[in-house]
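Novice: So that we are looking at the same thing, I have put the structure below in structure tokens.
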Ligand code: 5AD
Ligand code: SF4
């Protein structure tokens, strides 16, 4: 085997969602099997990969400016006789393969998200001077053909892990590029998922987040001969030793079935936090977005989920300024937020994406109106988030310690509700779950102290801020 200093180095920059984070890890594993070690320093890399995001225009443009910087670096390296290969992967690669080749001659390979299992071959092709572009939607499932991480690689990534169980989307929301960049909905086989989860549990992972563009559309043949949905899969995952915490993201309201809702009530390992994007609170806009549900359907669903798990924390995505959105329709979104009471939310100005139906509309909302709406919506969500976090102060909660804090003597962890907590404690506690008394509220995290052997009784975690608490 080659000595470490002879090994090639790969630098991967990841943009966008958690599925890209998972993909980058799997590419790292595949390249490791091919003799690459990963580096955090782009200037010492022999291979630079940008794993890109195409969801909004800004995300896609970032890639081209980064490629400009990389070109300078690659030319410098070439002058000192060192070959640097540059690849673009992810959703920009899928959507704009040929365009990247035209706009950025620095790029040696372009690989779409369904073709990572071919990376080693494509690299060889590109190294021989032939530019490699591969954006086919392959028939085989990439994750089941890519080499798995070793125990040491998994350990080095920490005590929380992602696992992609589903990719692609058949929903075709009219604003969204995902059905075009990630292709049709595909579920990974239950057996392969359980095997990987077991492997992660064996390697010391304590918290597993299942990923998918429509993760709750996951379905497959169960190991008991029946057909399973995500609910059934979660019951099996909850039996795996070591995996004390389970989460999943991102869900579509239409795919929250009864078994999944019941799992939230039944499984202590299934954390009481759910990202359930609604996008808008106005029925006409929801219909124009092709979301396949109205605002009432969403509110009734939230009630059913809260009936199963009263303390569940909810988050959502919102788009402001979808074409044609009136003031009254924006106010309907604000009212929905007040009614639900969120622990967190992500919100965006509508961004027209090439190839999507909404981009063809001629009733765009002006930039100024979008900015004003976004600001108001974000202020409301921030107030709800603060109210939600404030409720934790004075309670004792289980915290999974994940990493050292920024201050010496501090470690960082998360509550079941995904709140970050800084605690004065030694690094030996990382990877354990401890009782923590929450005694303060910072800007980005809670502060707490170890509750010791005699924990105070847990104060009931009040549900999120309600309409009454946040209404003006
Ligand atoms: N413009 C603005 N936001 C978008 N999103 C997806 N497509 C667009 C777009 N064209 C947002 C949605 C989605 C999240 C991942 O990104 O809110 O849930
Ligand atoms: Fe995009 Fe809608 Fe599919 Fe989500 S459900 S990935 S927003 S098309």
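The values are calculated or read from the model by the stated rules, or taken from the named source; none is laboratory data. Worth saying up front: this structure is predicted, and the values here are computed from it rather than measured. So basically every Cβ, Gly included, is an ideal-geometry build from the backbone, and we count neighbours across all protein chains shown.
Novice: Which ranges mark the strands (runs of 3 or more DSSP E) fully within segment 77-156 that have 1 or more residues being under 14 Å from residue 167 (Cβ atoms) and free of Cβ contacts under 8 Å to residues at least 24 places away in the same chain?
Specialist: Values: elements: 85-89, 109-111, 132-134.
Result: empty, no element qualifies.
One line per residue, one yes/no per condition, for (1) within 16 Å of ligand 2 (Cβ to nearest atom); (2) under 24 Å from residue 169 (Cα atoms):
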| residue | (1), (2) |
| --- | --- |
| 261 | no, yes |
| 265 | no, no |
| 272 | no, no |
| 304 | no, no |
| 314 | no, yes |
| 345 | yes, yes |
| 348 | yes, yes |
| 355 | yes, yes |
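Novice: Do you know which of the residues in segment 256-281 that are part of a helix (DSSP H, G or I) and out of contact with any strand residue (DSSP E or B) (no Cβ under 9 Å at 6 or more places or on another chain) is nearest to residue 199 (Cα to Cα)?
Specialist: Ranking the qualifying residues of segment 256-281, first place goes to 266.
Novice: Taking the condition of being within 16 Å of ligand 1 (Cβ to nearest atom) and farther than 30 Å from residue 419 by Cα, how many residues in segment 261-285 meet it? Outline the logic, then answer.
Specialist: Initial filter on segment 261-285 (within 16 Å of ligand 1 (Cβ to nearest atom)): 274-282, 285.
If we keep only those that are farther than 30 Å from residue 419 by Cα as well, we get 285.
Qualifying residue count, segment 261-285: 1.
Novice: From the list 387, 358, which residue is part of a helix (DSSP H, G or I) and away from ligand 1 (no atom under 16 Å from the Cβ)? Can you show your working first?
Specialist: On the way: 358 fails: away from ligand 1 (no atom under 16 Å from the Cβ).
387 is the lone residue from the list that is part of a helix (DSSP H, G or I) and away from ligand 1 (no atom under 16 Å from the Cβ).
Novice: For segment 37-58, does any single residue satisfy the condition of being without any contact (Cβ under 8 Å) to a residue 24 or more places away in the chain and part of a loop (DSSP other than H, G, I, E, B)?
Specialist: First, the residues of segment 37-58 that are without any contact (Cβ under 8 Å) to a residue 24 or more places away in the chain: none.
No, because not a single residue in segment 37-58 is without any contact (Cβ under 8 Å) to a residue 24 or more places away in the chain and part of a loop (DSSP other than H, G, I, E, B).
Novice: Could you pull out the residue among 378, 391, 410 that is at pLDDT 95 or above and within 22 Å of the chain's Cα centre (by Cα)?
Specialist: On the way: 391 fails: within 22 Å of the chain's Cα centre (by Cα); 410 fails: within 22 Å of the chain's Cα centre (by Cα).
Selected residue: 378, the only one of 378, 391, 410 that is at pLDDT 95 or above and within 22 Å of the chain's Cα centre (by Cα).
Novice: What's the number of the only condition in (1) in contact (Cβ under 8 Å) with a residue 12 or more places away in the chain; (2) away from ligand 1 (no atom under 16 Å from the Cβ) that residue 294 fails to meet?
Specialist: Exception for residue 294: condition (1).
Novice: Which of (1) surrounded by fewer than 19 Cβ atoms within 10 Å (Cβ to Cβ); (2) under 30 Å from residue 168 (Cα atoms); (3) touching a helix residue (DSSP H, G or I) at 6+ places or on another chain (Cβ under 7 Å) does residue 97 not meet, given it meets every other one?
Specialist: So residue 97 meets the others, but not (3).
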